[in-house]
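In what follows, a structure is listed as structure tokens, so that the remarks can point back to it.
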Amino acid sequence: MVAAALGIAACTLNDYGSNRQWESESTNEGKRNVRSFQPYQWASFAMTQTEYVLKNIQTEPTDRVYCEGPNYFRYSMMHLLPFFKAAKNFNGDWTESYRCDTGYYSIRSPWYDSEYDRIMDWITKIKMPDGRMPAYADTYNDSYFPSLAIKGGYYSWPIKAMNNLTGESSPTEEKLQAAILNWALTFAHLDNRVDYICAGNSFQQVPGDWDRFQTFPTGGDIVLRSGWETEDLYLYINAHDAPDLENDPPVWGYPGSTWAHRQNDQTSFILNYKGTTLALDAGYINYANRHLVNKSINHNILQVNGNGPLLTRTNTEIEKTLSDNTFQYARISASYGDRDQYDNSTGQGDVTVTREFLMVDGKYVVVTDRVQDPRSASRSYSLLIHGNGKSAEGTFQPTSNGGLWTSNTAHLLTYTASLTSLTSSYPEEQPINNSGDGFGILKKLSVAEINTQAIEPLFSTVLFPYDQSTSPAMEDFSTSSYTYLFVDRTAAEYGNRYDIIVAQKPGAKANISQKTVNGKTIKSIDTDADLLVMSFDANDPDNPDAMKVFAKGITYLTYDDDIYFYPQQADVAPEFVVHRHMKSKTQTATAYNTGRRMIADADDPDNKRYYLVYESNDNIYATFSEDAI
């Protein structure tokens, strides 16, 4: 804030105390006594402090993720962006030498520095479809960043979903602008009014080459989305490491910058659909009252003995990500444990929880929770999902092993399966800050808590958002060996398909008999995949060309005794198999070896279909051609 103020002062009062404009010590052949030239000293402080703090303390060069989270990045840039623009208007794109206590540094005008653009790209890539920022690390719910629009281009975001402002699905432009103005001028933070003015730019789409799937491995942000439009499905995953005390120590008795705004929210998620946040985070009130919303119980996580992931050291890791047109997958792990179970030599807790997130067809999300416990102890586990309800906007209806949350016209239906027996509870609603009603105002949200007492349990949860009157249907065929969920999404708006989701522990071998649900038959399955999703065309379920398959940790898969996948070397299993249209009735027509391979479906020798099967980054892919070779 001080750096920004002094930087603007240096630009606007550039000839203060002199009959010449702002010059650096390197100009005029060093003959000027710049120590008495106040604007240069202001500029030096502004440039060197901004450079040091933004590039060396708050972000790192790999991802450029702001370590204090979206809200405090917005707070910093609210002051710095006007300075960047003032420096641009003052002298355009230039580089010169600035001094500080440690010497002289050559620094480029921030407006043109691509490293600052990378930080602003980060916040743009993780924003919700309607322009809100994900509410983690002391970030308010309903918090926007339209002041970034001063940069123009794709940094101009919409600041509110239309139906949230006017209550109409297609309001007139006049009504929308009136609603935006009323919202911007009503609520407590003064910068909202500035934001509104800055947001007068026309909104633009993000660059066409930006992937829907965004991951920041070092910074710890993951976003899965079906698209970039306001009503698309969006899932934010928090994979931030706990701060390392050695590299981020307390300063003058206060927490280091990373510690200051950390919540117990590692591995949590936020889901937004149709411009509505359906799976919620409790957000932020103010620093004095952050304890009301920053505990593990306030987040969408798995609790172990009532605790969330350890906050004491680095322990959260993004292990694997994968994306194609049908499946987006991310896997993260975090350490849990009480203080007396913490290993200071390794920085690990007593229990490790691995969460897998899989977005299917851009329609819904599968969350799998796996537990590794070296003590093999029986512990209590609680899977928490927070949504609207009670005094927060919307309603909540408990369902079997889950819940149904509704807000505006959007719904979120959840169902959790496990290898062990589950009980559902709906604890007292937790507080949530909703800044749309004024910062610091608390409401209550509704929580579904799925509980079990077990040794190393496994959970498989479907998060299915929708906005139609007909809801998707789910059936549970789980056993003590594997979870098996059937998802009926045969309505046209859900893709006219039905899917099965199987999860088991690594090394297990599921042999599943034929099932019939609502007149739909799923034939026998034999596989060792620890996560398998098979999606069928409701109009042509037996057509292998219309099937979509995701498998992880697999060496074989048969469906109705047809071999769908069988590696040439069963002891060298790929990490993933993602394919369509791949089938053979003969084991000799294997689907994978260590290089590229052409195989043929031998069902009809006179009308073969040929497949090019190939490996890339430990994943298996297949394309096909009906042309003769």
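Can you tell me which residues in the range 84-109 are assigned to a helix (DSSP H, G or I) and either more than 13 Å from Ser44 (Cα to Cα) or outside the structural domain of Glu51 (by TED's automatic domain parsing) (or both)? Reasoning before the result, please.
The initial filter retains those residues of the range 84-109 that are assigned to a helix (DSSP H, G or I), namely 84-91.
Scanning the range 84-109 gives Phe84, Lys85, Ala86, Lys88, Asn89, Phe90, Asn91.
In the set Val223, Val194, only one residue is assigned by TED's automatic domain parsing to the domain that holds Asn56 and either surrounded by 15 or more Cβ atoms within 10 Å (Cβ to Cβ) or at pLDDT 85 or above (or both); that residue is Val194. What do you reckon, is Leu245 assigned by TED's automatic domain parsing to the domain that holds Met133 and either surrounded by fewer than 22 Cβ atoms within 10 Å (Cβ to Cβ) or modelled with pLDDT under 80 (or both)? No; evaluated as a whole, the condition is false for this residue. Within the range 79-105, the set of residues being of a type in the set (Asp, Glu) and closer than 18 Å to Val2 by Cβ comprises just one member, Asp101. Ser424 meets the conditions (1) in a strand (DSSP E or B); (2) among the small types (Gly, Ala, Ser); (3) modelled with pLDDT of 95 or more in every case but one. The failed one is (3). Within the group Tyr116, Tyr144, which residue is part of a helix (DSSP H, G or I), of a type in the set (Ser, Thr, Tyr), under 23 Å from Glu68 (Cβ atoms) and in contact with a Phe, Trp or Tyr (Cβ under 9 Å, 6 or more places away or on another chain)? Criteria check complete, one pass: Tyr116.
Consider the range 285-306 and keep the residues that are more than 25 Å from Asn272 (Cα to Cα) and polar (S, T, N, Q). The one that is modelled with the lowest pLDDT is Asn289. Within the span defined as the range 71-82, every residue fails to be modelled with pLDDT of 90 or more, over 33 Å from the mean Cα position of the chain (by Cα), crowded, with 22+ Cβ neighbours inside 10 Å and not in a loop (DSSP other than H, G, I, E, B). Within the range 28-67, the set of residues being among the acidic types (Asp, Glu) and either modelled with pLDDT under 85 or assigned to a helix (DSSP H, G or I) (or both) comprises Glu29, Glu51, Glu60. If the condition is being part of a strand (DSSP E or B) and closer than 21 Å to Glu231 by Cβ, then the range 358-381 contributes Met359, Val360, Tyr364, Val365.
Filtered by the rule that a residue be part of a loop (DSSP other than H, G, I, E, B), in contact (Cβ under 8 Å) with a residue 60 or more places away in the chain and under 23 Å from Asn325 (Cβ atoms), the range 504-562 gives no residues. Please go through the range 393-427 and pick out each residue that is farther than 20 Å from Pro457 by Cβ and either without any contact (Cβ under 8 Å) to a residue 12 or more places away in the chain or hydroxyl-bearing (Ser, Thr, Tyr) (or both). Within the range 393-427, Thr395, Gln397, Thr399, Thr406, Ser407, Thr409, Tyr426 qualify. Where residues in the range 471-505 are farther than 24 Å from Thr354 by Cβ and of a type in the set (Ser, Thr, Tyr), which of them is surrounded by the fewest Cβ atoms within 10 Å (Cβ to Cβ)? Top of the filtered list is Ser471. Figure legend. Inter-residue proximity from the range 1-23: first residues in the same structural domain as Ala46 (by TED's automatic domain parsing), second residues among the polar types (S, T, N, Q) and modelled with pLDDT under 60, beta-carbon distance below 7 Å, spacing 6+ or different chains. Indicated pairs: Asn14/Gln21; Asp15/Gln21.
Table: residues versus (1) touching a strand residue (DSSP E or B) at 6+ places or on another chain (Cβ under 7 Å); (2) of a type outside the set (S, T, N, Q); (3) surrounded by fewer than 17 Cβ atoms within 10 Å (Cβ to Cβ); (4) at pLDDT 65 or above.
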position: Trp122; (1), (2), (3), (4): yes, yes, no, yes
position: Tyr140; (1), (2), (3), (4): yes, yes, no, yes
position: Ser143; (1), (2), (3), (4): no, no, no, yes
position: Pro146; (1), (2), (3), (4): no, yes, no, yes
position: Glu168; (1), (2), (3), (4): no, yes, yes, no
position: Leu181; (1), (2), (3), (4): no, yes, yes, no
position: Cys198; (1), (2), (3), (4): no, yes, no, no
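The values are calculated or read from the model by the stated rules, or taken from the named source; none is laboratory data. Bear in mind the structure is a predicted one, so any value in this text is a computation, not a measurement. Cβ: placed from backbone, ideal geometry, glycine included. Neighbour counts: every protein chain shown.
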